[in-house]
Amino acid sequence: MTTNKNNHTLRNAMLCAMALLSMFFTMETYAQQREFTLEDLNFGGNNYHNMTPENKFLAWWGDQFVHLDVEECRTVDKKTGKEKTLFTLEDVNKWAGTKGESDKIHHLLGVTFPYPDKTLMLVNRKNERLLIDFKAKKTVWRQNTEGETHQEWNAASRAVAFVKDDNLYVTDADGNTRQLTTDGSHDIVYGQSVHRDEFGIYKGTFWSPDGQKLAFYRMDQSMVPDYPLVDIDTRIATLQPTKYPMVGEASHKVTVGVYDLATGKTVYLKAGDPTDRYFSNVAWSPDNKLVYMIEINRDQTDMELVSYDATTGEKRATLYKEHHDKYVHPVNPITFLPWDADKFILQSEKDGYNHLYLFNTKGEQLKQITSGKWLVLELVGFNAKAKSAIIVSTESSPIQNNIYSVNIETGKRTLLDNGRGVHAAAFGEGGHRTTMLSASGRYAFDKYSEPDVPRNIDIIDTEKASRTSYFKAADPWTGYNVPEYSCGTIKAADGVTDLYYRMVKPVNFDPNKKYPTVVYVYGGPGIRNVTASWHYASRGWETYMAQKGYLLFILDNRGSSDRGRDFEQATFRHLGVEEMKDQLKGVEYLKSLAYVDTARMGVHGWSFGGFMTTSLMTTYPDVFKVGVAGGPVIDWRWYEVMYGERYMDTPQANPEGYAETSLINKAKNLKGRLQIIIGTNDPTVVPQHALAFIKKCNEVGTYPDYYVYPGEGHNMMGHYSVHLHEKITRYFEDYLK
């Protein structure tokens, strides 16, 4: 009996010793793991570039895959991934005739190969555009670029269109420059993006395929009031006004001109009175004779695809019409089949999801190419030989992007990637993915990530549906104390719709503890926060907060992006209402988790997310203890025409909706600590929003905090972003933790 008791005591002592030893090693392991700073995690941080997954600059020379690096360009064997030097930076500077530091080319990351069948590369240096023949080892053509802004160069004609001193110019291949306009000013804008960058518009010049004609935007905004922003860096602060057309007020008027290099003449498309109309998605016919344009009424309920004679400006035909009682939202120009100049693809949400439709030039719909309860994110291009389109879609999952080839004749789709993650994460001009496709469309490079894959690059054969692994980035966070990232779904407030969320648990998470929780929210149209990319697309600030002991929760509510028309339009005419109901469903889920401290819940968002943050703090004042609202919309009456009227109609047509969603009316409800942060020169959500809310709070006796970044715009750029996120963090540290 005594012996057994001694053995039991000895066994317990050994177990305790082992437990202590295990705890010591665990603590030592944690101690060895490095801690993040915002300089590591924030895109403005001094060490941010070292903490992002390694990337490669890539290009196509015809169907030849090229790796662009600082010191040299290398061709890549598409079957093996092996590389061979094509030319070096030293070679290029020698061939360019570089004479000194002032005209030196410093890297090769921006080199392009505009001619698939020629050994020519396009390279830019200070005040000069060069075509260098890397086989002949010499510069064969050069063009002066001094003073160019908003420039667009055409490979076929080697002419460039650009804006200088508010006016539009063209320089031809021989160096002859012609000024196309003379009345450019603050009021009259040429060759630039119009309609507040809505409807997929990101530029204002459009070359014909042969480069002999240039379509361009002219925007008359003289009737739009100046919004008074201020430059405080002058000895006496001076006005720095921006044109800002508010909902229900006068909007600018846009026309489209066409300049002919051969005749030197400009005509304007005879589209009729541009008042309260939007002209978008400009495209050219393959024979350079017609300009196509999608025209939208101000109410944004109707769109028409119209063709015009590029020589006379006369209207040729209305090829297609579409109506929706809420709104239509065309963001893609038509795309002609490269093997049939009489057929083009139109993208439309008319069946509830963005899909591809085949039309002929008579305006007859020949077929719907893709269909299903998923959407085409982008028509990347074509494999002309296989007569297939290359698309990126959400067919595999609402939180994935995957690459498919689609046979135009049969509609058969073939998956080209591994079926997981977020693919085709390589973007060119205007955020489009056409850079990933080779000249013939036979090959593509695929940059992608998965929740546990930082970045991989595959080379895809679109014809054989095969792929070769080219590059795998190492995890740059190895050796750091990294939180757990997870993804799941909950039901929306409608009880039917699945909503995706991301959760970031505190570092060294203990399910037996209770943690302060921050809901990060955007919630508006055009953004999808939760994707199956690395860490489920978690922002660096979330990791920073998790390191400080917070749980982060991010939910894509109804009204957000890439889930189809009805999902987005659930919020029509009452922005914020259904979104908040869905976010409260997220809160219900959080409250069901034993490790969430429901007495310490915070919320943070920027822009539409700032609107959502302030809405949640004032509509459900007992739920959130602390909020930080950045650049918040406070009242949609003060937002701009195109976006605001699409989702809310005008204040005149929807007074109840504007009253219901105005946060001025809710300022009296504020209970918790709310910090509002803005840039004083924000041209997107103008300072009037935040100032009017604070004024109302002063009147009704509620007490938000207010912080500004003088001279900054809608987002804090550069290292100011690090300061901003530390400011946000400190607010939660002070009042939530």
Estimated vicinal HN-Hα couplings, Hz - segment 630-636 in sequence order (Karplus 6.51, -1.76, 1.60; Gly, Pro = x):
x, x, x, 5, 10, 9, 5
For segment 459-579: Kirkwood Rh in Å [reciprocal of mean 1/r, alpha carbons]
16.6
Once you have a ≥ b ≥ c as the square roots of the Cα gyration tensor eigenvalues for segment 513-644, tell me rounded if a/c is under 1.5, and otherwise prolate or oblate according to whether a/b is larger than b/c.
prolate
Rounded to whole Hz, the Karplus (6.51, -1.76, 1.60) HN-Hα couplings of segment 228-235, x for glycine and proline
x, 8, 10, 9, 8, 8, 7, 3
Hey, what number do you get for the chain at 222 nm if only DSSP H runs of n ≥ 4 count, each worth -39500 (n - 2.57), divided across all residues, to the nearest 500?
-5500 deg cm²/dmol
Straight-line reach from K289: which aspartates and glutamates have a Cα under 17 Å away, not including same-chain ones fewer than 8 places off?
D210, D260, D309, E314, D340, D342
Nearest 10 degrees, 0 to 90: helix 688-700 Cα axis against the chain principal axis
40
What figure in square angstrom, to the nearest 10, would you give for the accessible area of Y500 with a 1.4 Å probe?
50
Please report the spacing between the Cα centers of segment 634-689 and segment 437-454 in Å, no decimals.
40
How large is the charge dipole for the chain, taken about the Cα centre, if only the Cβ atoms of Lys, Arg (+1) and Asp, Glu (-1) carry charge, to the nearest 20 debye?
1560
Amide H partners (placed H, <5 Å) of D63, local residues excluded
A439
Could you tell me which of V530, H574, G609 has its Cα farthest along the dipole of segment 521-651 towards the positive end, charges placed at Cβ (Lys, Arg +1; Asp, Glu -1), taken about the Cα centre?
V530
Kirkwood Rh in Å, taken over all unlike Cα pairs in segment 211-297:
15.6
Step through the table entries K581/K666; K126/K472; K321/K367; K82/K118; K696/K737; K78/K447, compare each Cα-Cα distance with 26 Å, and write down the pairs that go over it.
K126/K472; K696/K737
Stokes-Einstein D for the chain at 10 °C, 1.306 mPa s, Kirkwood Rh over Cα pairs, in µm²/s?
56
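Between rounded, prolate and oblate, where does segment 639-737 land on the alpha carbon gyration tensor, with a ≥ b ≥ c its root eigenvalues, rounded for a/c under 1.5, else prolate if a/b exceeds b/c?
Values: a/c = 2.35, a/b = 1.32, b/c = 1.78.
Cα axes put segment 639-737 in the oblate bin.
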Taking H as built 1.01 Å from N, whose amide H comes closer than 5 Å to the amide H of G559, not counting residues under 5 places away?
E568, A570
Any lysines whose Cα falls less than 17 Å from that of K326, other than same-chain ones fewer than 8 residues away, would be K350
Report relative contact order for the chain in percent, whole number only (criteria: Cα-Cα under 8 Å, sequence separation at least 6).
9
Report the one residue of T410, P451, L68 whose Cα lies farthest in the direction of the positive end of the charge dipole of the chain (charges on C-beta: Lys and Arg +1, Asp and Glu -1; origin at the Cα centre).
P451
Can you work out the Karplus-derived ³J(HN,Hα) for every residue in segment 332-349? Use 6.51 cos²θ - 1.76 cosθ + 1.60 with θ = phi - 60°, whole Hz, and x for glycine or proline.
10, x, 5, 10, 7, 5, x, 9, 8, 6, 9, 10, 9, 9, 10, 9, 8, 9
Pick out, from T149, N167, Y190, the residue whose Cα sits farthest towards the positive end of the charge dipole of segment 149-204, with +1 on the Cβ of Lys and Arg and -1 on the Cβ of Asp and Glu.
T149
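What number comes out for accessible area per residue over the chain if the probe is 1.4 Å? Units Å², please.
43
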Quote to one decimal, in nm, the extra length available between V331 and A155 on full extension: 0.36 nm per residue of separation minus the C-alpha distance between them.
60.8 nm
Please state the charge dipole magnitude for segment 216-367, taken about the Cα centre, from unit charges on C-beta atoms (+1 on K and R, -1 on D and E), reported in debye and rounded to the nearest 20.
260
Segment 94-195: GluC sites (Glu not before Pro) falling in loop per DSSP and having at most 16 other Cβ within 10 Å
E146
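DSSP loop trypsin sites (Lys or Arg not before Pro) in segment 57-114 with at most 11 other Cβ atoms within 10 Å of their Cβ, which ones?
Here the sparse-neighbourhood loop sites are K79, K82, K99.
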Cα gyration tensor category, rounded, prolate or oblate, for segment 259-403 with a/c compared to 1.5
oblate
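If contacts are Cα pairs under 8 angstrom and at least 6 residues apart, what is the relative contact order of segment 241-315 in percent?
For segment 241-315, the relative contact order is 25 percent.
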Just how large is the dipole of segment 589-716 about the Cα centre, in debye to the nearest 20, putting +1 at every Lys and Arg Cβ and -1 at every Asp and Glu Cβ?
480
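The values are calculated or read from the model by the stated rules, or taken from the named source; none is laboratory data. Quick caveat: nothing in here was measured; it's all calculated off a predicted structure. Note: ideal-geometry Cβ built from the backbone for every residue, glycine included; neighbour counts use all protein chains shown. These area figures cover heavy atoms from the full protein model, side chains too; ligands, DNA and RNA do not enter into them. Shrake-Rupley method; radii C 1.70, N 1.55, O 1.52, S 1.80 Å.
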